[in-house]
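Read through the structure below, which is laid out as structure tokens, and then see the notes.
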Amino acid sequence: MNPRDTHFDTLVVQEVAPRDGLQIEPTWVDTADKIALIDALSTAGFTRIEAGSFVSPKAIPALRDGDAVFQQIARRPGVIYVALVPNLKGAERALASRADELNLVMSASQTHNRANMRMSCEASLTAFGDIVRLVRDTSRATLNASVATAFGCPFEGTIDEDRVIAIVDTYREMGIEGITLADTTGMANPRQVARLVARVLERVPAAALTLHFHNTRGLGLANVLAAYEAGARRFDAALGGLGGCPFAPGASGNICTEDLVNMCDEMGIPTGVDLEKLLALSRGLPALLGHEVPGQLAKAGRNRDLHPVPDYVLQI
Ligand code: COA
Ligand code: ZN
């Protein structure tokens with residue numbers, strides 16, 4: 001099949017603020033506030049929400065309450081609640097807490113994988129093999145695997161595209177259905193994105209491929225559009241543009257969900273997401289987190305939010 005021939009134009013947004021967004025926040029967000037945020041996001045039209053991670057509480061103290069969060073959220077039918085998992089222990093916790101999908105993460109860069117996961121890529125893949133068996137034997141959860149630093153590494157620099165493709169092939173051979181290409185520290189550019197997406201779509205259906213961009217160098221939405229035009233249809237984004245990997249120097253926020261949905265609305269690309277609800281939620285983030293957030297739409301307003309004409313103009 002020609003990957004461009006996808007027969008649908010909808011862009012699926014997976015909201016990741018409860019995971020990628022909160023993992024780097026220095027101020028503790030109470031379990032009840034996390035649950036309230038996820039419950040509110042569940043009513044905004046998303047079909048997928050990454051609601052937390054099951055990693056070492058020493059590595060990511062901000063998300064150490066993932067078990068309680070997953071157990072207490074109000075699950076909305078039609079919404080897939082995803083959990084990020086690094087190892088077998090994390091998978092056991094995620095399944096016990098009824099995550100619908102497990103997102104396994106390994107970096108294309110050996111150095112970043114050692115910084116983030118404290119193990120080699122080979123050790124991560126061995127753990128993934130154990131997780132796949134556990135999930136298949138004991139649950140109906142689905143599996144996604146992410147290639148972090150797929151477009152560049154803050155330690156190693158350029159990442160060989162053939163290595164990314166080889167990892168994608170390995171994930172698929174392991175029986176993992178979903179694939180995410182993650183630009184962990186915003187090093188991707190639109191031409192690179194178009195090239196890599198086209199190659200991956202020769203092996204993975206568009207409905208199973210997610211692109212995960214960070215806006216670290218201001219190219220987030222340009223990369224989304226390049227990926228979309230190359231045939232990708234699923235994108236991670238975080239409310240308010242929160243986010244970042246604490247083990248990647250210089251990391252900053254994900255692409256901002258409401259900025260992305262606004263771009264899609266203006267371009268006539270359906271997302272199914274309620275932008276007014278998102279804006280209200282995003283405008284509540286500074287009070288929750290104690291700082292301004294990077295998203296631009298919540299500050300600027302929508303195109304349709306017009307300003308009163310000044311008196312001096314009316315008099316001309
Ligand atoms: N959930 C809870 N605790 C876990 C765990 C998990 N998934 N995995 C390991 N632990 C605990 C162990 O029980 C052990 O606890 P103890 O010190 O009380 O005995 C401790 O963590 C160390 O375990 P070990 O297996 O030696 O882990 P490590 O120190 O080599 O770290 C990871 C490996 C993968 C657990 C850790 O690097 C990690 O969680 N990384 C994720 C980072 C992240 O989320 N980055 C952002 C998202 S990409
Ligand atoms: Zn990220």
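Amide H contacts of Met119: Arg114, each under 5 Å away and 5 or more positions distant or on a separate chain (H built 1.01 Å from N in the peptide plane; Pro and chain starts excluded).
Taking loop as defined by DSSP and a crowding limit of 10 other beta carbons within 10 Å, which trypsin sites (Lys or Arg not before Pro) in the range 115-158 fit?
Those that pass, being in a loop and sparsely packed, are Arg140.
A convex hull fitted around the alpha carbon atoms of the range 1-109 yields 141 Å³ per residue. 222 nm [θ] for the chain, helices only, -39500 (n - 2.57) per DSSP H run of 4+, per residue, to 500? Result for the chain: -11000 deg cm²/dmol, rounded to the nearest 500. Relative to the dominant Cα principal axis of the chain, helix 257-267 is inclined by about 60°. Restricting attention to the range 3-314, close to 5% of DSSP beta bridges with both partner residues there are antiparallel. Taking GluC sites (Glu not before Pro) across the range 242-313, the ones in a DSSP loop with at most 12 further Cβ atoms lying within 10 angstrom of their Cβ are Glu292. For the chain, the pair-distance distribution built from all alpha carbon pairs, in bins 20 Å wide starting at 0, is 34, 58, 6, 1 percent.
Comparing Cα centroids, the range 72-148 and the range 263-316 end up 35 angstrom apart.
For Leu104, the amide hydrogen comes within under 5 Å of the amide hydrogens of Val85, Asn144, Ala145, Ser146, counting only partners 5 or more places away or on other chains and with H modelled in the peptide plane.
Per-residue 3J(HN,Hα) values for the range 215-226, derived from phi via the Karplus relation 6.51 cos²θ - 1.76 cosθ + 1.60 with θ = phi - 60°, read 9, 3, 10, x, 9, x, 6, 4, 5, 4, 5, 4 Hz in sequence order (x marks Gly and Pro). Counting beta carbons within 10 Å around each of Thr142, Thr10, Thr149 and listing the fewest first gives the order Thr10, Thr142, Thr149. Taking 29 Å as the straight-line reach from the Cα of Lys58, the lysines in range (excluding those fewer than 8 positions away in the same chain) are Lys34, Lys89.
Of all lysines in the structure, those lying under 20 Å Cα to Cα from Lys299, and not within fewer than 8 positions of it along the same chain, are Lys277.
Each value in this text was obtained by applying a stated rule to the coordinates, not by laboratory testing. The structure presented is a predicted model; accordingly, all values stated were derived computationally and were not measured. Note: ideal-geometry Cβ built from the backbone for every residue, glycine included; neighbour counts use all protein chains shown.
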